Ligand code: PMP
């Protein structure tokens, strides 16, 4: 499969070698790396990506959920032009950040919000706020979670993580988490959790998430929902859709309209600590926090493109696709199953479907890579790990075509998938 991939992509191959001279492994974003060498894209239009060799792909990755609007959206481009017209980055407060902050607070039920440049930073700031608010230092996170490049708990953590005092629980393990909270609940500044585990698109169970809500309140601990990916799953975000309100929520990705973006916000009593007029106010700077591009484009994208109706329609399309693919795998007797919710879907080389990050980690990674390369050969782009985030540009016909490609891939490799 690797040889066939390489033979058709001499330009991507040459550029990978060139990139390696200036970036370690030719790479500045580890998640995009794959063997034999990463595809190098040159342009995107709607749901179609074109690579350096002139090959075209239907984009089901959707920039890991940040590319919700599809490529080269006319309204997004117009908002970029509007931002350019007033001059970039005035080094001062300006008009656009008020309207955008109002839209974000209203949309996601926040008393107050602050902007950052990435989801990573949003989580770092939310955790810092929780520590200052509670006067405690420990944080409960969950095995497998990804809250940013320095807050990654896949396989237990990485050497570049922020040096927080972290206790790791097991995602979706109600009894285990309860026991853990019995032991150290009173020491916790924060519990940080994705209401749906984004890496593998596994929903948190209602029992698990409501346990966290109940016990955080009981222990005086700040509950943080990382909605960097999941806020697209409901018109008012995923917490509202689930009916569970955390104390703080963090955001990123599509909310900035495709520009660099992060935000954290929630209950006034915590967020007010950042008010510079208060004695002992928490510092929060950041050169690009209120950059004109993100403020202007984010506002247009959130209020004019991703309307509540558009959100419901997109998630309904995702639910149909997930059920359709699972029915296909059933019919073929394939060792594949989907997880997900709405517009976030992952295909795992395992049946029945995985329910926890641990189960997702235990699958045969070779199967995952074979499926990825087979879909690339069919002209579909998704994450190597089987993750997809539908954009508004994806059509029902694209979903049908993906199902057809998956059926051919499974039958072609029937010895390993069936
Ligand atoms: N939290 C979650 C759940 C994410 O999926 C990501 C990005 N994949 C982040 C945080 C970090 O966001 P960013 O890449 O903008 O730093």
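Scanning the range 136-167 for residues that are out of contact with any strand residue (DSSP E or B) (no Cβ under 6 Å at 6 or more places or on another chain) and either closer than 15 Å to residue 224 by Cα or touching a residue at least 12 places away in the same chain (Cβ under 8 Å) (or both) gives 144, 145, 148, 149, 150, 151, 154, 155, 156, 162. Filtering the range 253-291 to residues that are assigned to a helix (DSSP H, G or I) and either at pLDDT below 95 or within 14 Å of the ligand (Cβ to nearest atom) (or both) leaves 253, 254, 255, 256. In the range 61-107, the residue that is surrounded by the most Cβ atoms within 10 Å (Cβ to Cβ) out of those that are in a loop (DSSP other than H, G, I, E, B) and within 16 Å of the ligand (Cβ to nearest atom) is 62. The lone criterion from (1) under 30 Å from residue 45 (Cβ atoms); (2) away from the ligand (no atom under 16 Å from the Cβ) left unmet by residue 115 is number (2). Residues that are within 18 Å of residue 239 (Cα to Cα) number at least 1 in the following strands (runs of 3 or more DSSP E) confined to the range 111-196: 112-116, 138-142, 188-193.
Every test in (1) over 27 Å from residue 199 (Cα atoms); (2) part of a helix (DSSP H, G or I); (3) out of contact with any helix residue (DSSP H, G or I) (no Cβ under 6 Å at 6 or more places or on another chain) is passed by residue 296 save one, and that test is (3). Candidates 120, 116: the one that is touching a helix residue (DSSP H, G or I) at 6+ places or on another chain (Cβ under 6 Å), surrounded by 14 or more Cβ atoms within 10 Å (Cβ to Cβ) and assigned by TED's automatic domain parsing to the domain that holds residue 259 is 116.
Scanning the range 197-233 for residues that are part of a loop (DSSP other than H, G, I, E, B), within 15 Å of the ligand (Cβ to nearest atom) and free of Cβ contacts under 8 Å to residues at least 40 places away in the same chain yields one hit, 204.
The values are calculated or read from the model by the stated rules, or taken from the named source; none is laboratory data. Computed from a predicted model, the values in this text were never measured in an experiment. Please note: Cβ atoms are built from the backbone with ideal geometry, for glycine as well, and neighbour counts cover all protein chains shown.
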